[in-house]
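**Student:** What follows is a single structure, and I will ask about it in a moment.
What follows is calculated from the coordinates using simple rules that are stated; it is not laboratory data. Since the structure is predicted, the reported quantities are computational estimates derived from the model, not experimental observations. All Cβ positions, glycine included, derive from the backbone under ideal geometry; neighbour counts span all protein chains shown.
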């Protein structure tokens, strides 16, 4: 009887010991709170601040900008139902940039925007229908000239494509303020309108950049989002005056804001 009790006591002790060892192994396998936090941080890390992946190092100066120019000249040109078009015009845009990398892959700076648009129409005829029932509208003179300017603060974030130091994508956020002046003259005798405006806006323009040498890069960006506000004053024939204001939000790709530029990283 004594041997049976001793045997049962030994079996019970072995069961308790094996249960304690299994629980200890389970606790060892489960990660601690700090390990779980590190795993969560790794999942949320998009590589935007990876110090091992440097595309634009801290302390680098960035000089560059974008420019565009277009011109047209029409002589007795026909467009759909408009014929006899005699016109000329041009559009010029310039946007220099100066920035400084305050940390790796991040830069702040300033951008200046200037644009000038001119159009003059000497003749144009609009014909709808034929004979006595047709409608003919003609324009003998139209003149329009506008130039705009703005200055803005710029923040840029570069995201290298893998470990590559030649290609990267970037996002540029710009907060700008400026204005514009324009004048329009039409008809005979000539009637004219002069306008001046104040403009402010916040825009987001992602793009891609490629280095063609150690210091020179080519970049392309396009506006995808923005908030704009404008207030305009008009004077018609130096007599009548008017005012208007407008604001809008844009969250779509604006193909008219595509910019191609060259920048230097020194």
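**Student:** Can you give the FRET efficiency to the nearest 0.05 for residue 155 and residue 76, using r as the Cβ-Cβ distance and R₀ = 45 Å?
**Tutor:** E(calc), rounded to 0.05, equals 0.35.
**Student:** Taking the Cα centroid of region 93-123 and of region 144-207, what is the distance between the two, rounded to the nearest whole Å?
**Tutor:** The distance from the Cα centre of region 93-123 to that of region 144-207 comes to 7 Å.
**Student:** So, one more: Taking 51 Å as R0, compute the FRET efficiency from the Cβ-Cβ separation of residue 186 and residue 108 and round it to 0.05.
**Tutor:** Computed FRET efficiency for residue 186 and residue 108: 0.70.
**Student:** Over region 55-265, calculate the relative contact order: mean separation of alpha carbon pairs under 8 Å at least 6 apart, over the residue count, as a percent.
**Tutor:** 16
**Student:** Mean 1/r over all different Cα pairs, inverted: what Kirkwood radius does region 55-265 give, in Å?
**Tutor:** So the Kirkwood estimate lands at 20.1 Å.
**Student:** Could you calculate the FRET efficiency of residue 249 with residue 100 from 1/(1 + (r/R0)^6), where r is the beta carbon distance between them and R0 is 30 Å, rounded to 0.05?
**Tutor:** So, using R0 = 30 Å, E works out to roughly 0.50.
**Student:** When the chain is fully extended, how far beyond the present Cα-Cα distance does residue 166 get from residue 220, taking 0.36 nm per residue of separation?
**Tutor:** Taking 0.36 nm per residue and subtracting the Cα distance, the gain is 18.0 nm.
**Student:** If you don't mind, there's one more thing I want to ask. If I model a spin label at residue 212 and residue 122 as a point 7 Å from the Cα along the Cα→Cβ vector, what separation in nanometres do I get?
**Tutor:** Inter-label distance under the simple model: 3.9 nm.
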